Amino acid sequence: MDRHFNCTACGKCCFGWLPLTLNDALSHAGRFPLALVWTPVPHGTRAFALSARLGATIRLRNRRQIAVLVTPTAYLPPSFPCPELSAEGLCGIHADKPLRCRTMPFYPYREEQDQADLLLPRKGWACDTSAAAPVVYHNRIILERSDFDRERLELHDQAPTMRTYADYVLKYMPWIVDSLEAIALKPGGNVITSLSSFLTAIRQIDAADVAARQLPVLKAYAARTANAPELAEYQRNYSGWAKEMEYLAGIGPSQTPG
């Protein structure tokens, strides 16, 4: 069966969380407030095998095994647009935008044959799925696949690093197992951990450089969410993570820029 799709540049998909490859997250550390999002995938679901390859597997306290995707993410409230979205709904960094934005609406955390429903626009989106739009998906195969394949390859390549980080967190933050177990019973939930914990765990990355670029972003978003009670969790995270970035960047509070 053919599926048609064409982006109309309505900008409606450019709000809220944006999952990133590790390379894109680090490259855009001066642009997006970053977090690590943990998504449990129960054993026996059709996404389990791919999630185990791209993420980590964890044995819960009841001895059940789950796969966990640990995804670097631009951590934006659902009502917040991408900081590079123009007033006209256009991308301000089109030539340098993350792979996730290039691959949309396809999603390489899913098997290729399970992409059809992603081509159905969400409520309020203006994607063109009419017969006049190009055929992009035929017999459950992606036709123009260069961006999809590139993003999937980066996810495969970063998987060992994400497993190293998962091992670190499970050792030093064991409470996360209980959180993942509770969420695994109600699919759709996530656990959030800080970029600072990732930078501490993965020593091959220049933590001071990434922290120095991330710090003003977190401070700016902490200020933007300061007087919004409905965004209290975001504000608390931005503020706390900014302090952690000060430490990693080697900047004392009195020396913090802007």
**Prompt:** If you take the residues in segment 7-39 that are touching a strand residue (DSSP E or B) at 6+ places or on another chain (Cβ under 7 Å) and in a helix (DSSP H, G or I), which one is farthest from H94 (Cα to Cα)?
**Reply:** L22
**Message:** Quick check on this structure: which one of V41, V68 is modelled with pLDDT of 95 or more and among the β-branched types (V, I, T)?
**Reply:** V68
**Asked** In the set A226, A201, which member is within 21 Å of the chain's Cα centre (by Cα) and either modelled with pLDDT of 95 or more or in the same structural domain as P33 (by TED's automatic domain parsing) (or both)?
**Response** A201
**Fill in**
Of the residues in segment 40-60, those that are farther than 17 Å from R152 by Cβ and in a strand (DSSP E or B) come to P40, P42, A56, T57, I58, R59
**Message:** Between a residue in segment 88-111 that is under 22 Å from V136 (Cα atoms) and any residue that is among the basic types (K, R) and not in a loop (DSSP other than H, G, I, E, B), which pairs come within a Cβ distance under 6 Å, given they are 6 or more apart or on different chains?
**Reply:** P108/R152
**Request:** Evaluate the following for R100: is it more than 22 Å from R224 (Cα to Cα), modelled with pLDDT under 95 and among the basic types (K, R)?
**Result:** no
**Request:** Considering (1) assigned to a strand (DSSP E or B); (2) surrounded by 18 or more Cβ atoms within 10 Å (Cβ to Cβ), say which one I192 fails and leave the rest.
**Result:** (2)
**Message:** Whether any residue in segment 171-188 is of a type outside the set (V, I, T), touching a residue at least 60 places away in the same chain (Cβ under 8 Å) and assigned to a loop (DSSP other than H, G, I, E, B) is what I want to check.
**Reply:** yes
**Prompt:** Does segment 11-29 contain at least one residue that is crowded, with 18+ Cβ neighbours inside 10 Å, under 18 Å from M173 (Cα atoms) and touching a residue at least 40 places away in the same chain (Cβ under 8 Å)?
**Reply:** no
**Request:** Would you mind finding the one in R63, R31, R53 that is on the phi > 0 side of the Ramachandran plot and more than 10 Å from the chain's Cα centre (by Cα)?
**Result:** R63
**Message:** Show the residue pairs meeting these rules: Cβ distance below 7 Å; 6+ apart or different chains; first residue within segment 57-82 and among the aromatic types (F, W, Y); second residue part of a strand (DSSP E or B).
**Reply:** Y75/L34; Y75/A35; F80/F15
**Fill in**
Subset of segment 213-242, residues touching a helix residue (DSSP H, G or I) at 6+ places or on another chain (Cβ under 8 Å) and in a helix (DSSP H, G or I), comes to Q214, L215, L218, K219, Y221, A222, Y234, Q235, Y238, S239, W241, A242
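The values are calculated or read from the model by the stated rules, or taken from the named source; none is laboratory data. From a predicted model like this one, the values you see are computed outputs, not experimental measurements. Positions of Cβ are generated from backbone atoms using ideal geometry, with glycine treated the same way; all protein chains shown enter the neighbour counts.
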